[in-house]
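For reference, the structure is listed below as structure tokens.
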Amino acid sequence: MDTQGKLEYLADASRFDLACACSAKTDDHRIRGPEGKWLYPVSLPQGGKSILLKTLLSNVCVNRCLYCPFRDSRDVPRYSLSPEEIVAVFLDYVRRKGIHGLFLSSGVIRDADYTMGRLLAVADLLRNRYRYRGYIHLKIIPGASDAAVQQALSLASAVSLNVEAPHRKAFEQMSQTKSFERDIVERIRRISDWTAPGAPYAGVHQTTQFIVGAADETDSEIVRATFGLYRRLRLSRVYFSAYQRGLGDPALPGERRVLSDPGDLLTREHRLYQVDWLLRRYGFSDDEIPFQADGNLSLQADPKTLWAERNPQFFPLDVNKAPKRDLLRVPGLGPIAVRKLLTLRAEGGRIRSRREMRCIAPRLLWADRYLKFPLRIG
Ligand code: SF4
């Protein structure tokens, strides 16, 4: 197969990896290039937007992760691109299409360091031969050596190693060819050390991804692990990917979990993203997140509204005096609306009624339940 054909296949295959913020669900967010459909507008971990070429270097893999369409036991076409092929296509796109970066991942060819060598060859050619200074996101292959990881950090803008599960038991339900502690957790810890403020690779972002619903992990286990990844290991972003049935082994525990609707796994993923916002943007800690008795998030109600319902003593807040951290806990008030309200207050303005408040926060329902207004009108 020629380079374009392989790239078409491998770029499409890379949609299963979310750790660069690219959409995996539909083609909605992709931009169709003249030869294919593999340009992805993304939100970068350090903020801002970009358009990335996202592809696998190879879908050959010696591992057997049971949720993955490219595990060694599956009979699918296998292709690999050489570093030179990827560099040539990428630079052509940079010149002609105005894309701003590369997300490069791969199945494990032979072993971790051999594969890292191929990924690093791409980054090295771009940085050192072609003086490319833009965004490069490199996947760290589980079990890669310290030397390979450090070289990746010296070349990349961001790296990701997918944690996949919140603990070893859930991980081993999905994969027995990788060690959760040695190949994943220990590597993420070291990357965190090497990218900490003042460390040799400070400024390189680290992201990761959980698979949701393939093992029998609970949402509270994922949320606790996510909180630790942000707080203790300073990850830039954590992503959640609902397990896609039909790609995996029917023996996976998540397959046996009874869900009333196939969309429930996607709703679970959505609820985890809502919690991710509560942790990163709204000042919540993991022990404030409202879980059900089974340890999962409600599929019916969003977690911020549930927290407010379980904490009636916190409300109503004085709309003209409450501090930012309290306002952010009001269902329907997000960072933008809170910022507008605080700006208005800083300029000497006051909100007098629900009607005035709706100009700032149109999505604020049940305003009287959560906020106190000077006037009881509107
Ligand atoms: S290491 Fe696992 S998840 Fe990655 S490509 Fe191989 S089988 Fe798939």
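So G203 passes all but one of these: (1) touching a helix residue (DSSP H, G or I) at 6+ places or on another chain (Cβ under 7 Å); (2) modelled with pLDDT under 95. Which condition number does it fail?
(1)
Filter the stretch 199-248 down to the residues that are among the hydroxyl-bearing types (S, T, Y) and touching a Lys or Arg at 6+ places or on another chain (Cβ under 7 Å), then identify the one that is nearest to A152 (Cα to Cα).
Here is the first cut: in the stretch 199-248, the residues among the hydroxyl-bearing types (S, T, Y) are 201, 207-208, 218, 220, 226, 230, 236, 239, 241, 243.
Checking which are touching a Lys or Arg at 6+ places or on another chain (Cβ under 7 Å) leaves us with 207, 230.
Working: T207: 14, Y230: 21 Å.
The selected residue is T207.
Taking the stretch 52-83 only, how many residues are within 8 Å of the ligand (Cβ to nearest atom), more than 15 Å from L10 (Cα to Cα) and either out of contact with any helix residue (DSSP H, G or I) (no Cβ under 9 Å at 6 or more places or on another chain) or hydroxyl-bearing (S, T, Y) (or both)?
5
Just name the residue that is modelled with the lowest pLDDT out of those in the stretch 95-142 that are basic (K, R) and closer than 17 Å to L155 by Cα. Outline the logic, then answer.
The first filter runs over the stretch 95-142 and keeps only residues basic (K, R), leaving 95-97, 110, 118, 127, 129, 131, 133, 139.
Remaining after also requiring closer than 17 Å to L155 by Cα: 118, 127, 129, 131, 133, 139.
Numbers: R118: 97, R127: 98, R129: 97, R131: 96, R133: 93, K139: 96.
Among them, the one singled out is R133.
Of (1) surrounded by fewer than 18 Cβ atoms within 10 Å (Cβ to Cβ); (2) free of Cβ contacts under 8 Å to residues at least 40 places away in the same chain; (3) of a type outside the set (A, V, I, L, M, F, W, C), Q151 satisfies all except one. Which?
For Q151, the exception is condition (1).
Go through the stretch 51-85 and count every residue that is closer than 30 Å to R131 by Cβ and free of Cβ contacts under 8 Å to residues at least 40 places away in the same chain.
The total comes to 1.
Each row is one residue, and each column tells you yes or no for (1) surrounded by fewer than 22 Cβ atoms within 10 Å (Cβ to Cβ); (2) hydroxyl-bearing (S, T, Y); (3) touching a residue at least 40 places away in the same chain (Cβ under 8 Å).
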{"residue": "D111", "(1), (2), (3)": "yes, no, yes"}
{"residue": "Y114", "(1), (2), (3)": "yes, yes, no"}
{"residue": "L119", "(1), (2), (3)": "no, no, yes"}
{"residue": "N128", "(1), (2), (3)": "yes, no, no"}
{"residue": "R133", "(1), (2), (3)": "yes, no, no"}
{"residue": "H137", "(1), (2), (3)": "no, no, yes"}
{"residue": "A144", "(1), (2), (3)": "no, no, yes"}
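Among the candidates E181, E186, E164, single out the residue that is among the charged types (D, E, K, R) and closer than 18 Å to R237 by Cβ. Lay out the reasoning, then the answer.
Values: E181 fails: closer than 18 Å to R237 by Cβ; E186 fails: closer than 18 Å to R237 by Cβ.
Just a single option satisfies the conditions, and that option is E164.
Of all residues being basic (K, R) and either buried (at least 16 other Cβ atoms within 10 Å of the Cβ) or at pLDDT below 90 (or both) in the stretch 252-300, which is farthest from the chain's Cα centre (by Cα)? Just the residue, please.
Keep residues of the stretch 252-300 that are basic (K, R), which gives 256-257, 268, 271, 280-281.
Now restrict to residues that are either buried (at least 16 other Cβ atoms within 10 Å of the Cβ) or at pLDDT below 90 (or both): 256-257, 268, 271.
Values: R256: 26, R257: 24, R268: 14, R271: 13 Å.
Across the stretch 252-300, the extreme among qualifying residues is R256.
What number goes with the only condition from (1) out of contact with any strand residue (DSSP E or B) (no Cβ under 9 Å at 6 or more places or on another chain); (2) modelled with pLDDT of 95 or more that D326 does not pass?
Only one criterion is unmet by D326, namely (1).
Under 6 Å between Cβ atoms, which residue pairs at least 6 apart in sequence (or on different chains) link something in the stretch 263-280 that is farther than 14 Å from G334 by Cα with a partner that is crowded, with 19+ Cβ neighbours inside 10 Å and at pLDDT 95 or above?
Within 6 Å, the pairs are R271/L297.
Just the residues that are over 18 Å from A225 (Cβ atoms) and among the charged types (D, E, K, R), please, taken from the stretch 268-304.
Selection gives R281, D302, K304.
Identify, from the list I99, I86, the residue that is part of a loop (DSSP other than H, G, I, E, B) and more than 15 Å from the ligand (Cβ to nearest atom). Even if it seems obvious, please write down each step before you answer.
Details: I86 fails: part of a loop (DSSP other than H, G, I, E, B).
Answer to the check: I99.
The values are calculated or read from the model by the stated rules, or taken from the named source; none is laboratory data. The structure presented is a predicted model; accordingly, all values stated were derived computationally and were not measured. Using ideal geometry, Cβ is built from the backbone for each residue, glycine included, and neighbour counts are taken over all protein chains shown.
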